[in-house]
Amino acid sequence: MMKRVLIVDDSPTIRKFIGYVLRRKDYVTEEAEDGLDAMEKLSNNEIDLVIVDLNMPNMDGISFVKSLRNSYYNLHLPVIMLTTTSDSELQKEAYGAGINMFLNKPVQPDVLLDKIECLLGEGLDGKPVS
Ligand SMILES: [Mg+2]
């Protein structure tokens with residue numbers, strides 16, 4: 001079954017790049033331009049994993065993850081934070097808010113795809129890991 005990934009970033013260039021990388025591997029992608037937009041997309045779409053930026057207008061990545069984890073239905077939704085900052089305090093704060101993984105931009109497509117597969121519980125052959 002095709003997995004659906006929500007890409008949340010205020011940069012259209014980043015959204016386009018990540019979307020391209022994922023669709024080549026048969027993921028279905030949705031995009032949101034900030035945390036608020038992402039909350040709305042989450043309530044209207046079946047999403048299997050979220051990739052979220054940190055710095056965004058309206059609602060930043062950490063606030064978004066906090067409000068997402070406040071919802072029972074999104075407690076276990078895998079979230080990757082992808083950001084240019086490598087500030088260890090912000091990283092700690094992001095994990096505290098409930099992200100599953102922290103990655104720095106720019107990210108190698110293969111690395112990103114590996115991490116996504118890992119979080120979705122799929123082995124290299126695409127079968128669930130038991
Ligand atoms: Mg940004």
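The values are calculated or read from the model by the stated rules, or taken from the named source; none is laboratory data. None of the values given here were measured: they were computed from a predicted structure. Using ideal geometry, Cβ is built from the backbone for each residue, glycine included, and neighbour counts are taken over all protein chains shown.
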* Output the residue which, of all residues in the stretch 36-56 that are over 16 Å from Leu22 (Cα atoms) and among the hydrophobic types (A, V, I, L, M, F, W, C), is farthest from the ligand (Cβ to nearest atom). => Leu42
* Structure fact -> Of all strands (runs of 3 or more DSSP E) fully inside the stretch 1-120, the set with 2 or more residues that are surrounded by fewer than 15 Cβ atoms within 10 Å (Cβ to Cβ), without any contact (Cβ under 8 Å) to a residue 40 or more places away in the chain and more than 11 Å from the chain's Cα centre (by Cα) is none
* Structure fact -> Over the stretch 1-25, the set of residues modelled with pLDDT of 95 or more and away from the ligand (no atom under 16 Å from the Cβ) is Lys3, Arg4, Val5, Tyr20, Val21, Leu22, Arg23, Arg24, Lys25
